[in-house]
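One structure below.
No value in this document is a laboratory result; all are computed from the given coordinates. Since the model is a prediction, treat every value here as computed from it, not as a measurement. Note that each Cβ is placed from the backbone with ideal geometry, even for glycine, and that neighbours are counted across all protein chains shown.
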Amino acid sequence: MNGAVGVTVSEIGTQEMDAQNVPAGKSAELSVILPSFNEAKNIPILVGLLDTALKGINWEAIVVDDNSPDGTTEVARAIAESDPRIRVIRRIGRRGLSGACIEGILASSAPYVAVMDADLQHDETLLPKMLDELKSDDTDLVVASRKVEGGTVGEGLSAIRAWGSNVANGLAQKLLNVTLTDPMSGFFMVRREKAEALASRLSPQGFKILLDLVSSASGTLKIKELPFTFRERQHGESKLDTLVTLDYFGLLLAKYFGDVVSVRFLMFGLVGASGLVVHLAALRMFLLGGLEFNLAQTAASFVAMTSNFFLNNQLTYRDRRLRGLQAMVGLLTFYAVCSVGVLANVGVANLIYLDPSYWWFAGTAGAVMGAVWNYAASSALTWRKS
Ligand code: GDD
Ligand code: MN
């Protein structure tokens, strides 16, 4: 009973107000997630633009900065000191646009969340329209598209990027049946509960959060597209590179195969296949150089393992990339892991190799076993999560 504890609910309310000397404000209806890496010059301008564009809306912005060397976090915090609508998440030891967006979404309590680039390339005046769509219609996701009629890539994309973007869109549509006109768009608004429900299935690597969200939802999201013009970047530079593109194709393949294999495993497998080529080339060179076969084979294995290690460190585990001394230790554990992998490979192959006419089956099974072992063990030992 209330009387027993001596305070009533309304008293608690008043006491809290007195303590903080501010009325309990309403929490934001819209969170704008702003992933940032080296956007110190853009953040203050963007906050001003949001303030104008979102008049009459109860909004907040969450800057998710991956510890940018240019001091983006500090700039955002300085704004947050006098503007409680601005929040900052500073991530250390992690990199990746998708992951930053996911963390931002999960840090929000607003019913609606927008994801938007922090570099002024996205048109913030579209946000109120996107919010209206989400609220009025039974829509779960509104995508700002550069491809839908009326939208353009404007001056924002170089010719080669525009072409690459078309290829990527075409593949997403063919392989995944994603009917979005611009699945690579980094500008969208979604009901938070919907994104939250899918969060555990999303990959934090790369730039492909929208495609990932839509394909993971497998048709359950009601989607609307609105056109916009992609602006040219004024300050700083784009972080989209070849690796990001590779990663995008990785997701397409992984989703196409129904998520049976992860993007990471696929990448690991591709690196492994490249290692075979490196191995054979090195073996040939050592043999030509006059080494006897056993020695040449061992040396070639080390060349291939070393090449695999550095490729995996750059590609497969770019989000956990090892540097300096850590990379040296990582290389040694990788050698150890792969040596056991060879044993697993040969062991399994031997077990299966009863009938010589099935040599290819034994060989493949052994190789797959070795790859699975190498992948599992190296992700647990060499590139373990810190
Ligand atoms: N936290 C964090 N971590 N933010 C990042 C990272 C990262 O590793 N990489 C990029 N960002 C931020 C940038 O600071 C920027 O605010 C936004 O994400 C987009 O990055 P850009 O580097 O400017 O991308 P872009 O303009 O080349 O690419 C645009 O078009 C792509 C499709 O062509 C973006 O809208 C992409 O989202 C989109 O996929
Ligand atoms: Mn950009």
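Computed from Cα atoms, the angle from the helix 127-136 axis to the main principal axis of the chain rounds to 80 degrees. With a cut-off of 18 Å on the backbone N, the residues of the stretch 227-265 near the modelled label site 7 Å out from L175 along Cα-Cβ are 241-265. For the chain, the residue among M189, W373, Y248 whose Cα projects farthest onto the positive side of the dipole built from Cβ charges is W373.
Computed from Cα atoms, the angle from the helix 293-314 axis to the main principal axis of the chain rounds to 10 degrees. Residues in the stretch 290-317 near a label at S274, defined as backbone nitrogen under 18 Å from the 7 Å Cα→Cβ point? It comes to 301-317, nothing else.
Which entries of K129/K208; K55/K194; K129/K222; K41/K174; K26/K239; K55/K208 show an alpha-carbon separation above 28 angstrom in the structure shown?
Details: K129/K208 24 Å; K55/K194 26 Å; K129/K222 16 Å; K41/K174 39 Å; K26/K239 36 Å; K55/K208 30 Å.
Pairs exceeding the cut-off: K41/K174; K26/K239; K55/K208.
If you run the Gaussian network model on the chain, springs between alpha carbon atoms under 10 Å, then out of K208, K194, K129 the most flexible one is K129. Listed by Cβ neighbour count within 10 Å, with the fewest neighbours leading, I89, I209 appear as I89, I209. What residue among L30, L251, L351 has the largest mean-square fluctuation in a Gaussian network model of the chain, using Cα springs under 10 Å? Residue with maximal mean-square fluctuation among L30, L251, L351: L351.
Cut-off is 10 Å between beta-carbons; in what order do T242, T73 appear when sorted fewest neighbours first?
Details: T242 9, T73 22.
Placing the least packed residue first, the sequence is T242, T73.
Need one number: convex hull volume per residue for the chain, Cα atoms only, in Å³. Write out the running numbers ahead of the final one.
On the way: hull volume 87.7 nm³, N = 386.
In the chain, the Cα hull volume divided by residue count equals 227 Å³.
Residues whose amide H comes within less than 5 Å of that of F188, counting only those at least five positions distant or on another chain, are V115, A144 (H built at 1.01 Å from N in the peptide plane). Distance between the pseudo-spin-label points of N58 and L253 (7 Å out from Cα toward the beta carbon): 4.8 nm.
Counting alpha carbon pairs within less than 8 Å and at least 6 residues apart, what relative contact order, in whole percent, applies to the chain? If you can, show how the numbers build up before the last one.
On the way: 566 pairs, mean separation 53.1, N = 386.
Taking the mean separation of contacting Cα pairs over the length of the chain, I get 14 percent.
Each pair of Cα atoms in the stretch 186-275 enters the Kirkwood radius, and Stokes-Einstein at 10 °C and 1.306 mPa s then converts it into a translational diffusion coefficient of 105 µm²/s. Karplus-based coupling profile of the stretch 346-357, in residue order and whole Hz: 5, x, 5, 4, 4, 4, 7, 6, 9, 10, x, 6, with θ = phi - 60° in 6.51 cos²θ - 1.76 cosθ + 1.60 and x standing for Gly or Pro. The value obtained for the stretch 325-386, namely the Cα convex hull volume divided by the number of residues, is 55 Å³ per residue.
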